[in-house]
Amino acid sequence: MRLYDTVARAAVTIEPITPGVLRVYACGPTVYRDAHVGNMRTFLVTDLITRVAQDEGVRTQVVQNITDVGHMADDTGLGGVDEGQGGAEDRVVREAETTGSSAYDVARRYEAAFHRDLSALNIHPADEYPRASDWIDAMIELIGQLIVSGHAYVGDDGSVYFDVRSVPDYGRISGNRIEDLRAGHKFDADAPTAKRFHADWALWKHAGDTRTQMVWETPWGRGFPGWHIECSAMSVRLLGPRIDIHTGGIDLRFPHHEDERAQSNASVGHEVVNTWVHAEHLLFDGRKMSKSAGNVVLVDDVVERGIDPLALRLAFLQHRYRQQMNLTWSVIEGAATTLSRWRVRVAEWATSPSRPIPDAWRDEFRSAVADDLDTPRALQVLHQVERDPEDAGAKFEFFVWADRILGLDMARDVGRTREVPEEILDLLEDRARARAAKDWTESDALRIRILELGYQVTDGPEGQTVQPR
């Protein structure tokens, strides 16, 4: 398998540090709200990597963190906010105060929703999901080590800061150079600050007198961790000082991953992560998802429309993970149509005698997914096989085999027999009459009504066919 390494700016061959075992650290959610479909696309990348590795005979060990403390609402790491006493609000704590809940209640509620969404998209669970709040002692120990080694210092405000200038190669992930970094727009270079340099960031934040939730006693006083330190502490403790792959969204390159890399490397004295893999942004209807734009889409929104959430997974697979993707409802509905058709075909092919998978099919599919997760090309192989006049039994075996990586549950309807309800049959007749009269508006309205009732209509040379979604 080859993956695009953000540091190398090129696709590299993945060779596990420990032969036969691939260690992956995946940046997980900050559990102060529901993860949207853009987040889920990023989480899918780790799932694909592990599925391809396992197909190649490699065992995987995956750790994905749960950020339930320390992620600031405006954590630029460049002096854009005061990261010490009185600084930016913790996202989880802010949500708790807004809703009148405890921070732990907020975190656990959204953590549970995150796991439900993973299951809905058939994303295999990680081996461990460490919570930041459970790893405070490890963070305190790591911060102490960084102070002793001269990579961190205690500021006048009681917060502990990482000295970015102590790491000469800072910026290898994002391309930012220390000498080019400038303070954020809110930062006044002439104003007093606890930092020695504006691009230093807080490892531990002094709690002050106002914060009452999620605070801990340390040698530097009462406070709470910075966002970046959790991943350094948990990744090295759980996966060891050398990690094969680190995944995350492209928005995490800077400052989060850049700062994490500096901390981790400074703590062990060498490069910790071999390959950094980032998923590109996902737009919805051509715009970045945001509350202000009113276009934030959740997995639950897909389900509420009567669409199988695995159609969303297929829509993601139709685009390469490191290409910006514009998702729309029509794209999701189109993927649902394709997935429904494939499931019908697989159920039909399953009744034929089993036949070996032709090597050419298997080799072409494997070549695609191993080439930096080129899932669009892998799906094209399925389309080609679907049209191939080869024995139906071989098609069945191939689709089921390929689905071990695609994860679309394509054999779901094998052996199922379902009678189409009378109500659906009546709607089909009405739609047939509308199409005969070329009343396309009415035809589309009836198709949507049938869709809402849980059935998918496909138009072909022989007329309408319908099957459960």
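Points worth noting:
- Residues of the stretch 223-263 classified as part of a helix (DSSP H, G or I) and hydroxyl-bearing (Ser, Thr, Tyr), total: 2
- Residue check for Ser367: of a type in the set (S, T, N, Q) and either out of contact with any strand residue (DSSP E or B) (no Cβ under 9 Å at 6 or more places or on another chain) or outside any helix (DSSP H, G or I) (or both): yes
- Applying the criterion of being touching a Leu at 6+ places or on another chain (Cβ under 8 Å) and not hydrophobic (A, V, I, L, M, F, W, C) to the residues of the stretch 198-227, the residue that is modelled with the lowest pLDDT is His198.
- For the stretch 271-293, the criterion of being closer than 18 Å to Gly70 by Cβ and touching a residue at least 60 places away in the same chain (Cβ under 8 Å) is met by none of the residues.
- Residue match in the stretch 410-417 (condition: surrounded by 13 or more Cβ atoms within 10 Å (Cβ to Cβ) and part of a helix (DSSP H, G or I)): no
- When each of Val236, Val273 is tested for being under 18 Å from Thr42 (Cβ atoms), under 25 Å from the mean Cα position of the chain (by Cα) and in the same structural domain as Gly20 (by TED's automatic domain parsing), the lone residue that passes is Val273.
- Evaluating Leu22 against the criteria (1) surrounded by 22 or more Cβ atoms within 10 Å (Cβ to Cβ); (2) touching a helix residue (DSSP H, G or I) at 6+ places or on another chain (Cβ under 9 Å); (3) within 22 Å of His256 (Cα to Cα) leaves one unmet condition, (3).
- Residues in the stretch 278-299 that are assigned to a loop (DSSP other than H, G, I, E, B) and either over 18 Å from Leu252 (Cβ atoms) or aromatic (Phe, Trp, Tyr) (or both): Asp285, Gly286, Lys291, Ser292, Ala293, Gly294, Asn295, Val296, Val297, Leu298.
- The set of residues in the stretch 309-354 being assigned to a loop (DSSP other than H, G, I, E, B) and modelled with pLDDT of 95 or more consists of Gln318, His319, Arg320, Tyr321, Arg322, Gln323, Gln324, Thr328.
- All conditions but one from (1) surrounded by fewer than 17 Cβ atoms within 10 Å (Cβ to Cβ); (2) over 30 Å from Thr13 (Cα atoms) apply to Asp371; the one that does not is (2).
The values are calculated or read from the model by the stated rules, or taken from the named source; none is laboratory data. None of the values given here were measured: they were computed from a predicted structure. Please note: Cβ atoms are built from the backbone with ideal geometry, for glycine as well, and neighbour counts cover all protein chains shown.
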